[in-house]
Amino acid sequence: MMDNLFVLDFETTGLNPYLNDVIEIAVKKIGTNNYYQTLVKPDELPPGLVKYVPPFITKLTGINDQMIIENSINPDNAITKTVEYINERSTRGPIYIISHNGTTFDFLILKRLMKKYDISERFIKRLKYVDTLLFSKRFIKEGRFRQKDLCKRYNIVNDSEHRAMGDIIALEKLYLSLHAEYSSINDKEYTTNEIIKEIYIN
């Protein structure tokens, strides 16, 4: 089940996946202790601002301008290294990218970066996307569906919430918990392809 499964998270300068800049990326292959994480320096300062990271994002994530200036890499470098990490740890066949609320945020950012920085079409065509927000809504009938709330449901502790690394470690556990519960409910061990079909079934 865990071949070619990767959890991915972005931290950004705002909540618009089409306009805001990435300030941190983390990606991890499920079932391994291996990961790639980096702070990312925006191409340029946002119009009218003198800071890379708005105060409300610093308050939320703890990431500030000094960290970006001293420890970040350019976005083209960051997306290239992210793709290299995934490629080097993939076997043949589809590559599954797992994010929470990915359909309206992380997946859009990933596609935007891959297009902007000319990632090969061959790689892009291998990608399939699993949104744990939509997956959880498929069978959990009540409660809230933020990653934080779902982690509480499964007793998953995230000591670094709203940092990309902390979020993907928690997300890995969350996906495995969701998969196990859904398989148990339906008395069937689902493949990731089957999970994707279940998420988008009418």
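The values are calculated or read from the model by the stated rules, or taken from the named source; none is laboratory data. As the structure is a prediction and not an experimental result, all values here were calculated from the model. Cβ: placed from backbone, ideal geometry, glycine included. Neighbour counts: every protein chain shown. For the accessible areas, the whole protein counts, side chains as well, though only heavy atoms, and no ligand, DNA or RNA atoms are used. Shrake-Rupley method; radii C 1.70, N 1.55, O 1.52, S 1.80 Å.
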Legend entry - Criterion (part of a strand (DSSP E or B) and either aromatic (F, W, Y) or buried (at least 17 other Cβ atoms within 10 Å of the Cβ) (or both)) met by exactly one of Y96, Y52, Y85: Y96
Inset, instruction - Scan the range 65-77 for residues that are open to solvent by less than 60 Å² (accessible area, probe 1.4 Å) and either assigned to a helix (DSSP H, G or I) or among the hydrophobic types (A, V, I, L, M, F, W, C) (or both) and jot them down. - result: D65, M67, I68, I73, P75
Legend entry - the range 170-197, subset without any contact (Cβ under 8 Å) to a residue 24 or more places away in the chain and in contact with a Cys (Cβ under 8 Å, 6 or more places away or on another chain), residue most open to solvent (accessible area, probe 1.4 Å): K173
Inset, instruction - Go through the range 144-169 and give me each residue that's more than 16 Å from the chain's Cα centre (by Cα) and open to solvent by 80 Å² or more (accessible area, probe 1.4 Å). - result: R144, K152, R153, N155, V157, D159
Inset, instruction - Would you mind finding the one in T32, T91 that is in contact with a Lys or Arg (Cβ under 8 Å, 6 or more places away or on another chain), modelled with pLDDT under 95, in a loop (DSSP other than H, G, I, E, B) and on the phi < 0 side of the Ramachandran plot? - result: T32
Inset, instruction - Quick one: T80 ticks every box in (1) in contact with a Pro (Cβ under 9 Å, 6 or more places away or on another chain); (2) among the polar types (S, T, N, Q); (3) open to solvent by 20 Å² or more (accessible area, probe 1.4 Å) except a single one, so which number is it? - result: (1)
Inset, instruction - Filter the range 170-201 down to the residues that are more than 16 Å from N4 (Cα to Cα) and aromatic (F, W, Y), then identify the one that is farthest from the chain's Cα centre (by Cα). - result: Y182
Inset, instruction - Can you run down the residue pairs with Cβ atoms below 6 Å, 6 or more apart or on separate chains, where the first is in the range 138-157 and within 13 Å of K173 (Cβ to Cβ) and the partner is open to solvent by 80 Å² or more (accessible area, probe 1.4 Å)? - result: I156/K173
Inset, instruction - Go through the range 101-135 and count every residue that is open to solvent by 20 Å² or more (accessible area, probe 1.4 Å) and touching a residue at least 60 places away in the same chain (Cβ under 8 Å). - result: 7
Legend entry - Single unsatisfied condition, K141 versus (1) open to solvent by 50 Å² or more (accessible area, probe 1.4 Å); (2) under 30 Å from N74 (Cα atoms): (2)
